[in-house]
Amino acid sequence: MRSIGKLVIIGVGLIGGSFALAMKRAGLVGQVVGVGRSLDNLNRAIELGVIDAASQDPAQAVAGADLVMVATPVGQMGRVFDAIAPVLPAAAIVTDAGSTKGDVAQLMRAHLPEHLAYCVPAHPIAGSDRSGAAAAQYGLFEQRRVVLTPLEATLPEAAEAVGQWWQASGARVFSMRADEHDAVFASVSHLPHLLAFAYVEMVANKTDAARCFDFAATGFKDFTRIAGSHPEMWRDISLANRDALLADLRAYQAGLAQLTQWVEAGDGAALEQMFQHAREARVQWAQRFAQGV
Ligand SMILES: NC(=O)c1ccc[n+]([C@@H]2O[C@H](COP(=O)([O-])OP(=O)(O)OC[C@H]3O[C@@H](n4cnc5c(N)ncnc54)[C@H](O)[C@@H]3O)[C@@H](O)[C@H]2O)c1
Ligand SMILES: O=C(O)C(=O)C[C@]1(C(=O)O)C=C[C@@H](O)C=C1
């Protein structure tokens, strides 16, 4: 497998930091340079051994890079690509970790038009509600999936190299079209985050919110963990995947309207039938997920 002499991580948080740790543990990387907005976060990343050196200037950092991973919120990626475009080494591979792919592909086409052969959009399907360099961890990607959405212009060997580095982190690698990716993740990742935020907000705005939170237990905890996620990241995802998300938000609203009707009408049979159907789907999914298939 090709090793990475110099890896530049732009956005040293949970995902970028965990990728750097994975490459270090696999013995695949010479030097890791981290680029970020916050000096405190970069210093913490050095202390924790996530990166070896830090910079606040992406253009300066990418000199001599073999691989540049952009792991900022997706709303930042356009300006990052713009900053590195004039100074990228000719054969440096540029990848990202963004949760949305159609927008990232568009940003690469707009800001890195001379470099598209070496651009490999990617999305690791692993994470948590924690953020920043201190959240970076070994093993985050083990037995998880990574989806690559190569551009028309991406060189097969560049996509192959990125896929192999992700495999070295313990992940299984899949390829999809960007629009297919965005539709899938609107349904199984983006919509549930929006619902969790909206539900917690609804409870927080109740006049008896304090008492509700006092008595909230494991059901509340399981349903709402992801409402503790980073607001900027989720703002950017909501806007970047607008069309697919709107379609699922509307479908969910129709489901809620149906549920409301059944509750109003006291239609226990309809409620139970739907709960049974949803339960079966959830049980089957949980078995497959536990087996890592
Ligand atoms: N958290 C998850 O579960 C998860 C999973 C898969 C993919 N992602 C995606 O990965 C990316 C990173 O997410 P994360 O959870 O690691 O977030 P994070 O907040 O832990 O890390 C992002 C880092 O980027 C830095 N940053 C922001 N703007 C920057 C800029 N202009 N230049 C340089 N650094 C900048 C932030 O200061 C922060 O340190 C996002 O695009 C997100 O959509 C997140
Ligand atoms: O586990 C979590 O907290 C996550 O939100 C991880 C999660 C997901 O929805 O599964 C969130 C966003 C990503 O782009 C990929 C993974």
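The values are calculated or read from the model by the stated rules, or taken from the named source; none is laboratory data. Values in this document were obtained by computation on a predicted structure and should not be read as measured data. As a convention, Cβ positions derive from the backbone with ideal geometry for all residues, glycine included, and neighbour counts pool all protein chains shown.
Cβ contacts < 7 Å: first residue under 18 Å from Val104 (Cβ atoms) and touching a residue at least 60 places away in the same chain (Cβ under 8 Å), restricted to the stretch 181-203; second residue of a type in the set (Val, Ile, Thr) and within 16 Å of ligand 1 (Cβ to nearest atom), any location; separation 6+ or different chain. Result?
As it stands, the answer is His181/Val147; His181/Thr149; Asp182/Thr100; His190/Ile237, since those pairs meet every condition given.
I need every pair where a residue in the stretch 240-266 that is of a type in the set (Ser, Thr, Tyr) has its Cβ under 8 Å from the Cβ of a residue that is in a helix (DSSP H, G or I), sequence separation at least 6 or different chains.
Every condition considered, the pairs that remain are Tyr252/Leu191; Tyr252/Leu195.
Return the residues of the stretch 88-110 that are crowded, with 18+ Cβ neighbours inside 10 Å and assigned to a helix (DSSP H, G or I); say none if nothing qualifies.
Answer for the stretch 88-110, where residues must be crowded, with 18+ Cβ neighbours inside 10 Å and assigned to a helix (DSSP H, G or I): Gly102, Asp103, Val104, Ala105, Leu107, Met108.
From the list Ala85, Ala63, which one is away from ligand 1 (no atom under 11 Å from the Cβ), outside any loop (DSSP other than H, G, I, E, B) and in contact (Cβ under 8 Å) with a residue 24 or more places away in the chain?
Ala85
Can you tell me which condition Arg144 does not meet? The list is (1) more than 26 Å from Leu21 (Cα to Cα); (2) near ligand 2 (Cβ under 10 Å from one of its atoms), and all the others hold.
Of everything listed in (1) more than 26 Å from Leu21 (Cα to Cα); (2) near ligand 2 (Cβ under 10 Å from one of its atoms), Arg144 misses just condition (1).
Take the residues in the stretch 232-278 that are closer than 29 Å to Ala105 by Cβ and either among the aromatic types (Phe, Trp, Tyr) or at pLDDT below 95 (or both); name whichever of them is surrounded by the most Cβ atoms within 10 Å (Cβ to Cβ).
Trp234
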